[in-house]
Amino acid sequence: MQKEVVDSMAMKRALTRITYEIIEQNKGIRDIVLVGIKTRGVYVAQRIAERLQQLESSTVPVGELDITPFRDDQPLDIALAPGKYQLAFPVADKRVILVDDVLFTGRTIRAALDALMGGGRPQSISLAVLVDRGHRELPIRADFIGKNIPTALQERIKVSVTEVDGHDGIEIINDN
Amino acid sequence: MADRYLILEDGSAYLGEGFGSPAVSTGEIVFNTSMTGYQEIITNQIYHNQIIAFTQPTIGSYGINHDSYESILPTVKGVVVRDVASISTNRQRRWSLDQYLKQQNIPGISHIDTRHLAKQLRASGPMKASIVDVADAHAFDQLGATVLTNQQVAAVATPKPFPNPGTGLNVVVIDFGLKHGILRELSKRACNVTVLPYTATTEEIINLDPDGVILSTGPGKPQDLPDSVLTMIQNIQNRIPLFAIGLGHELFAMANGAQIMKLSPEHHGANHPIREVITNQIIYASQGQGFAVDPTTIDRNKLITTFVDLIDGTIQGLRYRDFPAFSVQFFPDGAPGPTDALDVFDEFVESMQQARGPVW
């Protein structure tokens, strides 16, 4: 069973609001870089970057982060040999905004923090997510949230983006 | 139908046929280009003490219905049309336009060359006008001598607070002559609304513990309102999510140092494309504005321009950089007219939810 809880209009609005909130909390976009977590986080980050560009007429760098080597459910030998620094730009002294589609246990974000830190010491790291579905297993919270969607553990959240899935929207899927 | 005249301050006179009330009345004349929605426009309090000329050639064809009032009682001074429909049909129709204007003691005049009139008003801007039985020197003298009040907000805004209960977020609406569409959209989103008079103080607002505050639409010139209104806006905008519409938008801009200029020609209609800057999307919305924010006076360290009119480049939306306070010049409630901008209300509701934090 699946149910669309956020349609494309609401998703657009959520991205717009996150963008305004980024400007509000950072007092502008100086030193800001966006880092999207693969796969869908990257597209979310790109859309936020487009919006920032429209408002402020200057480009914000968008990086792509693959957190696979940093996951805590990998065999130890892989986890101990993390991939090299992945971003095309240095993050030292930048205000990094980490972007993902869904915030769940927090383990992905922890891995992303590890992957990021390899590139220097950022001024700050904040987290923007399209959906916060609860059930955290680590002490991690988002700074910018598109939509809080309370879920049951067995449910799944599916974020669709046009670039990958052909349409925009967020669905709750219950396999039972 | 009796012959009547529409006379203007500049000495011009139009011969027409009376309908509605036979009263003689005087007000500022503006023209509206909306193709439908005459009931919403006539009952919109932004047109308090004004005479509305419709450029759409036939007006009244679907009568008056229950769902389209934008205030309890209309306070316009007259309705000018090319042709008033002699038959009106619609499943929701309760009265004809003629009957309604008679009941409300508002004169109408038809058989006016509204195209010529609109061109004249585009060039001159709004001016004083009367609907009279005889267009003689006396009538023009009377018209010239009439002084129109600049206290329109005081005349139409509620003198006392009143509730519009709901089960959701707690919203305070500051009434400058609000349009029912604003309350309707808040009701759809289950908001628990308290409407306060525009004289409400910061303390009175804060004491109601609102999740958000709306500054409503209203008639007249924003500079005619007391400075206490601006102080109130400055005090609440950084504490509570704020959403301002129409006159409220102009006041929000003034409270943040921008200046308001007279707009000529004015925008009354729903045919202007408006660009949402952040997404580059084009929307249409109902507009009724005689003033606009002067873009050269905006402090860009404080305010972001969010919507721009593509016909004349006027500012249609602003947002404060440091906190969730934003405004639109047009009417996002879409009564009458396009509903493209309805989701500005959702944006407001989401801002309030965000400011409150998650519910678990």
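Ordering B:H267, A:H135 by accessible area with a probe of 1.4 Å, largest first, what comes out?
A:H135, B:H267
Can you give the FRET efficiency for B:Q142 and B:R93, using 1/(1 + (r/R0)^6), R0 = 45 Å, r = Cβ-Cβ distance, to the nearest 0.05?
For B:Q142 and B:R93, the calculated efficiency is 0.75.
So if I place +1 on the C-beta of Lys and Arg and -1 on the C-beta of Asp and Glu, and nothing else carries charge, what would the dipole magnitude of chain A be about its Cα centre? I want it in debye, nearest 20.
Computed charge dipole of chain A: roughly 380 debye.
Suppose every Lys and Arg Cβ carries +1 and every Asp and Glu Cβ carries -1, with no other charges. What dipole size does the range B:99-147 come out with about its Cα centre, to the nearest 20 debye?
Magnitude of the dipole: close to 320 debye.
For B:S96, A:S8, give the ranking by accessible area with the largest first, probe 1.4 Å.
Largest to smallest exposure gives the sequence A:S8, B:S96.
Determine ³J(HN,Hα), in whole Hz, for all residues of the range A:108-120 in sequence, where each value follows from phi through the Karplus function 6.51 cos²θ - 1.76 cosθ + 1.60 and θ = phi - 60°; x replaces Gly and Pro.
4, 5, 4, 5, 5, 4, 4, 4, 5, 4, x, x, x
Note down the relative contact order for the range B:153-356 as a percent, whole number, built from C-alpha pairs under 8 angstrom at least six residues apart.
18 percent
Starting from the amide H of B:S21, placed 1.01 Å from N in the peptide plane, find each other amide H under 5 Å away whose residue is 5 or more places distant or on another chain.
Those qualifying (amide H under 5 Å, at least 5 residues apart or on another chain) are B:K102, B:I106, B:G108.
Any lysines with Cα under 29 Å of the B:K128 Cα? List them, leaving off those in the same chain fewer than 8 positions away.
B:K77, B:K102, B:K119, B:K179, B:K221, B:K262
Angle between the Cα long axis of helix B:343-356 and the longest principal axis of chain B, 0 to 90 degrees, nearest 10?
Computed tilt is about 30 degrees.
Just the C-alpha atoms of chain B: what Rg/Rh do they give, with Rh taken as the Kirkwood radius?
0.98
So how far apart, in nm, are the two label points at A:N26 and A:N176 if each is 7 Å from Cα heading toward Cβ?
Spacing of the two 7 Å Cα→Cβ label points: 4.1 nm.
Can you send over the solvent-accessible area of B:K77, 1.4 Å probe, protein chains only, in Å² to the nearest 10?
Only protein atoms counted, so the area is about 70 Å².
Using θ = phi - 60° and the Karplus curve 6.51 cos²θ - 1.76 cosθ + 1.60, what whole-Hz ³J(HN,Hα) does each residue of the range B:70-77 get, with Gly and Pro shown as x?
Karplus values, whole Hz, x for Gly and Pro: 10, 7, 5, 10, x, 10, 6, 9.
Provide the buried accessible surface between chains B and A in square angstrom, both chains summed, 1.4 Å probe, rounded to the nearest 100.
Chains B and A together bury roughly 2100 Å² of accessible area.
Can you find, among B:V134, B:G78, B:S96, the residue farthest towards the positive end of the dipole of the range B:3-148? Put +1 on the C-beta of Lys and Arg, -1 on that of Asp and Glu.
The one lying farthest along the dipole's positive direction is B:S96.
Over chain B, what relative contact order in percent results from Cα pairs under 8 Å that are six or more residues apart?
Here the relative contact order equals 15 percent.
Per-residue mean of other chain beta-carbon atoms within 10 angstrom of the beta-carbon, peptide A:14-21?
Per residue, the average neighbour count from other chains is 5.
Quick one: what do you get for chain A if you divide its Cα Rg by 2.2 N^0.38 Å?
1.02
Could you list the residues of the range B:344-358 with an amide nitrogen less than 18 Å from a label point located 7 Å from the Cα of B:N170 in the Cα-to-C-beta direction?
So the set is B:349-358.
Just to be sure I understand the model, the point goes 7 Å from the Cα along the line to the Cβ. What's the resulting B:T33 to A:T105 distance in nm?
For B:T33 paired with A:T105, the spin-label model returns 6.0 nm.
Normalized C-alpha radius of gyration of the range B:17-139, against 2.2 N^0.38 Å?
Ratio of Rg to 2.2 N^0.38 Å for the range B:17-139: 0.99.
In nm, to one decimal, how far is the modelled label at B:D299 from the one at A:V164, with both set 7 Å along Cα→Cβ?
The answer from the label model is 4.4 nm.
Which net charge results when you count Lys and Arg as +1 and Asp and Glu as -1 among the other residues whose beta-carbon is under 12 Å from that of A:P122?
+1
So what is the diffusion coefficient of the protein assembly as shown in µm² per second by Stokes-Einstein at 25 °C and 0.890 mPa s, using a Kirkwood Rh over Cα pairs?
Calculated translational D: 96 µm²/s.
The values are calculated or read from the model by the stated rules, or taken from the named source; none is laboratory data. Note that the structure is predicted; figures quoted are calculated from it, not measured. Every residue, glycine as well, gets a Cβ built from its backbone with ideal geometry; the counts of neighbours run over all protein chains shown. For accessibility, only protein heavy atoms count, side chains too; no ligands or nucleic acids. Shrake-Rupley method; radii C 1.70, N 1.55, O 1.52, S 1.80 Å.
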